[in-house]
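Quick notes on the structure that follows.
The values are calculated or read from the model by the stated rules, or taken from the named source; none is laboratory data. Predicted model, so just to flag it, every value in this text is computed and none were measured. Methodologically, a virtual Cβ is constructed for each residue, glycine included, from the backbone with ideal geometry; neighbour enumeration extends over all protein chains shown.
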2 protein chains.
Amino acid sequence: MANNLLIVHGGGPTAVINASLYGAIMEAKKHPELGHIYCARNGTGGLMKEELIEMENVPQDQLDLLLQTPGSAIGTSRDALEQAEYEKIVEVLKKKEIRYVLMNGGNGTMDTCGKLYKACTAAGVEIGVMGIPKTMDNDIAITDHAPGFGSAALYMAQSTAELCADVKGLAIHVVVLEASGRNAGWITASSALAADQGGDGPDLIYLPERPFDEDQFVADVEKLLQKKKGIVVVASEGLHDKDGKPIVEPIFKVGRATYYGDVGTHLAGVVIRRLGYKARGEKPGLLGRCSIYLQSKVDRDEAQMAGEIACREVLKGTTGKMVAFKRISNEPYKAEPFLVDIEEVMLFERKMPDEFINAEGNGVTEAFKEWCRPLLGEPIRKMVNFN
Amino acid sequence: MANNLLIVHGGGPTAVINASLYGAIMEAKKHPELGHIYCARNGTGGLMKEELIEMENVPQDQLDLLLQTPGSAIGTSRDALEQAEYEKIVEVLKKKEIRYVLMNGGNGTMDTCGKLYKACTAAGVEIGVMGIPKTMDNDIAITDHAPGFGSAALYMAQSTAELCADVKGLAIHVVVLEASGRNAGWITASSALAADQGGDGPDLIYLPERPFDEDQFVADVEKLLQKKKGIVVVASEGLHDKDGKPIVEPIFKVGRATYYGDVGTHLAGVVIRRLGYKARGEKPGLLGRCSIYLQSKVDRDEAQMAGEIACREVLKGTTGKMVAFKRISNEPYKAEPFLVDIEEVMLFERKMPDEFINAEGNGVTEAFKEWCRPLLGEPIRKMVNFN
């Protein structure tokens with residue numbers, strides 16, 4: 001069997017998923033014993049149709065652009081696979097003489113990765129399978145954080161700082177900024193770092209880890225508007241009430257994901273209707289995971305490193321593991337990569353721990369900020385206000 | 001009467017309104033004959049309450065931060081003034097011994113500026129009044145473009161390029177990006193530059209200069225989805241039907257402005273309902289006018305220059321004029337400042353000319369791109385795709 005390597009993307013892209021791809025390819029190119037460096041076109045769906053992209057002869061200047069390209073440059077998918085499909089994939093791997101598989105994705109993809117690892121073992125084929133973590137939502141278990149989150153956090157913190165400056169200069173009473181992360185509040189929480197350079201931070205932060213109480217929200221807003229002309233609220237797209245019911249209606253479903261109405265606009269409507277104040281909701285949505293200007297350098301470097309390590313390890317014979325990061329210190333920032341058994345991260349959703357959420361459930365703690373700050377890769381831009 | 005200068009902000013802020021403020025203050029500091037350099041706190045409302053900020057002794061390192069601070073660092077307002085209020089302002093100017101007034105804003109503020117100029121003339125006081133143009137929407141008359149637009153255009157073009165890369169890597173059928181500019185399509189149109197570096201641009205662009213026909217939109221989308229898995233639509237927040245009725249409902253009114261529901265989400269809903277395709281709407285909203293990472297350097301330099309010129313001219317005795325820009329050439333980019341009578345720009349809304357809009361009404365022409373491109377200040381980032 002020839003020594004071919006395959007890289008597969010799964011789930012939503014981030015600002016640095018291509019940096020992991022770059023790291024894996026650059027590491028693979030150091031190994032002359034390897035045959036083809038394949039990528040699956042559009043994730044597992046393309047893989048099953050044997051749609052492979054040969055990367056070993058791509059010019060270096062094209063590869064270098066991966067570091068500043070958001071989205072997935074090889075295509076990704078959200079397919080949840082059936083058991084028969086894993087067997088089908090093993091057949092394709094054998095046919096294409098693929099000895100090493102790197103799967104880059106979030107906890108859904110790590111589930112696929114773990115099941116593929118098991119399918120390979122069950123089929124008695126010698127195929128190494130390694131996971132590369134990736135999620136803007138930061139909800140993969142065990143790892144301190146996942147590549148993709150730092151950039152999403154920088155986007156959210158910087159955007160919130162700018163929005164706060166805007167609202168301070170021309171009050172519109174209430175602006176609700178909707179943040180990505182339906183079940184885990186990591187991105188929503190990172191907006192708190194907007195205040196880092198002495199500027200205003202968001203006034204209220206509502207995380208999906210706490211049940212959302214509309215009456216309490218209205219009371220929170222009303223109280224703040226007695227002191228300030230304009231306030232900024234950051235709210236998770238996944239807010240739900242105490243019974244677990246989303247505060248907005250579902251719009252459509254695709255694969256594992258259900259799409260809902262906009263929380264920001266909904267909450268702005270609540271303010272207008274119940275308090276009579278001017279309000280508007282903003283939803284950058286997908287823009288928050290594909291901004292290259294706000295790509296975190298720390299995040300990009302770690303994404304690249306995760307790709308390199310996964311590739312190096314699988315070539316050494318390691319299999320059934322995911323690359324993870326362990327926090328050594330916040331200041332100076334130090335995180336060390338290590339390997340975790342893939343079974344430990346399959347489909348588990350890691351949420352914000354209690355010590356990162358304030359007692360009122362409408363903000364974060366200093367401990368969260370200290371944890372999150374270094375992942376931004378650079379400080380929020382300093383601003384000035386004479387008003 | 002002492003020689004005091006006053007700077008007033010009006011209307012919504014931009015990414016470079018503080019750069020004009022910086023230019024005006026730096027120019028003013030060169031003139032020892034000047035007394036105080038005042039700023040009105042929160043626009044004309046603060047001015048009438050005699051809320052003035054003294055800027056002449058602000059440390060230089062604080063002033064320098066104005067160049068990277070979005071929003072209005074002195075506060076702005078949306079007040080539409082009554083005649084009696086202009087007389088009140090003239091009284092305040094006399095009392096505070098203000099000899100020179102610079103008003104920075106869009107066509108609403110230029111209306112205020114012109115009326116203040118007339119009120120000063122009518123009162124027989126020797127007060128010079130000059131306008132500094134500012135609008136993300138680019139809808140001020142006579143001037144080729146206004147400070148604030150270039151940055152909004154860079155934000156829209158780069159964000160669209162990133163969104164297109166994201167959607168190409170993981171198709172979600174239809175993503176509708178809502179763009180600012182209710183009556184004029186300049187910002188919406190600038191999304192077309194997303195394709196500049198060989199990447200995908202938006203597939204459809206709907207401008208408020210053309211009546212929106214929902215059936216035609218559905219047909220446009222359906223046709224494209226036969227060829228592509230995921231498409232990106234950019235739509236103005238102010239789309240209206242052939243009878244001039246906005247395609248979304250009004251939510252609330254403030255001053256001259258009415259706020260409406262989200263066009264992006266609305267159109268995504270149309271796609272879901274009428275075609276059964278997955279769709280979502282994104283609305284960066286205010287983020288599009290306050291991004292410092294996507295502040296255009298050309299825009300910032302021109303904003304600073306407009307502030308400097310207005311200040312220099314008013315000190316020379318010029319009054320009742322606005323600083324404007326005349327395009328000399330696109331490549332290399334050259335624009336020259338000149339002065340225009342304030343009467344010519346009062347409340348006029350400049351829309352996209354026909355030669356910038358394609359025949360189908362769902363895109364822009366090459367002529368528009370050539371005109372818009374240099375205002376971004378830098379090219380869209382190059383990306384790569386292997387899919």
Self-check item: Cross-chain or 6+ apart pairs with Cβ under 8 Å, segment B:369-387 first and more than 12 Å from chain A (Cβ to nearest Cβ), then among the acidic types (Asp, Glu) and crowded, with 21+ Cβ neighbours inside 10 Å
Solution: B:Leu375/B:Asp299; B:Gly377/B:Asp299
Practice problem: Considering each residue of segment B:38-72, count those that are within 22 Å of the chain's Cα centre (by Cα), buried (at least 24 other Cβ atoms within 10 Å of the Cβ) and more than 7 Å from every other protein chain (Cβ to nearest Cβ), and give that number. | Solution: 3
Quiz prompt | Filter result (free of Cβ contacts under 8 Å to residues at least 60 places away in the same chain and facing chain B (nearest Cβ under 8 Å)) within segment A:242-264 | solution = A:Ile251, A:Phe252, A:Tyr259, A:Gly261
Practice problem: Mind telling me which of the residues A:Pro13, A:Pro70 ends up being in contact with a Ser or Thr (Cβ under 6 Å, 6 or more places away or on another chain) and either within 22 Å of A:Tyr293 (Cα to Cα) or basic (Lys, Arg) (or both)? | Solution: A:Pro13
Practice problem: Name the single residue, out of those in segment A:347-368 being within 18 Å of the chain's Cα centre (by Cα) and either acidic (Asp, Glu) or part of a helix (DSSP H, G or I) (or both), that is modelled with the lowest pLDDT. | Solution: A:Glu349
Practice problem: Go through B:Met110, B:Met156, B:Met103 for me and flag whichever is out of contact with any Gly (no Cβ under 6 Å at 6 or more places or on another chain), in contact (Cβ under 8 Å) with a residue 12 or more places away in the chain and crowded, with 24+ Cβ neighbours inside 10 Å. | Solution: B:Met156
Practice problem: Kindly indicate the residue of segment B:265-292 that is assigned to a loop (DSSP other than H, G, I, E, B) and either in contact (Cβ under 8 Å) with a residue 60 or more places away in the chain or touching a helix residue (DSSP H, G or I) at 6+ places or on another chain (Cβ under 7 Å) (or both) and also surrounded by the fewest Cβ atoms within 10 Å (Cβ to Cβ) among those meeting that condition. | Solution: B:Tyr277
Exercise. Any chance you could count how many residues in segment B:185-204 are small (Gly, Ala, Ser) and surrounded by fewer than 24 Cβ atoms within 10 Å (Cβ to Cβ)?
Key: 4
Quiz prompt | Single residue of A:Leu287, A:Leu347 found to be within 14 Å of chain B (Cβ to nearest Cβ) and either in contact with a strand residue (DSSP E or B) (Cβ under 6 Å, 6 or more places away or on another chain) or more than 24 Å from A:Lys29 (Cβ to Cβ) (or both) | solution = A:Leu287
Quiz item: Among (1) out of contact with any Leu (no Cβ under 6 Å at 6 or more places or on another chain); (2) basic (Lys, Arg); (3) surrounded by 15 or more Cβ atoms within 10 Å (Cβ to Cβ), which single condition is B:Lys316 missing?
Solution: (3)
Exercise. Have a look at B:Ala19, B:Ala28, B:Ala24, B:Ala80 and point out the one that is crowded, with 22+ Cβ neighbours inside 10 Å, more than 30 Å from A:Ala194 (Cβ to Cβ) and more than 10 Å from chain A (Cβ to nearest Cβ).
Key: B:Ala28
Quiz item: So, in segment B:315-335, of the ones that are over 19 Å from the mean Cα position of the chain (by Cα) and not in a loop (DSSP other than H, G, I, E, B), which residue ends up nearest to B:Ile132 (Cα to Cα)?
Solution: B:Lys321
Quiz item: Could you list, in sequence order, the residues of segment B:1-15 that are over 18 Å from B:Gly108 (Cα atoms), more than 10 Å from chain A (Cβ to nearest Cβ) and surrounded by 17 or more Cβ atoms within 10 Å (Cβ to Cβ)?
Solution: B:Asn4, B:Leu5, B:Leu6
Quiz item: Just a yes or no: is a residue in segment A:217-225 closer than 23 Å to A:Phe356 by Cβ, modelled with pLDDT of 95 or more and either out of contact with any strand residue (DSSP E or B) (no Cβ under 8 Å at 6 or more places or on another chain) or in a loop (DSSP other than H, G, I, E, B) (or both)?
Solution: no
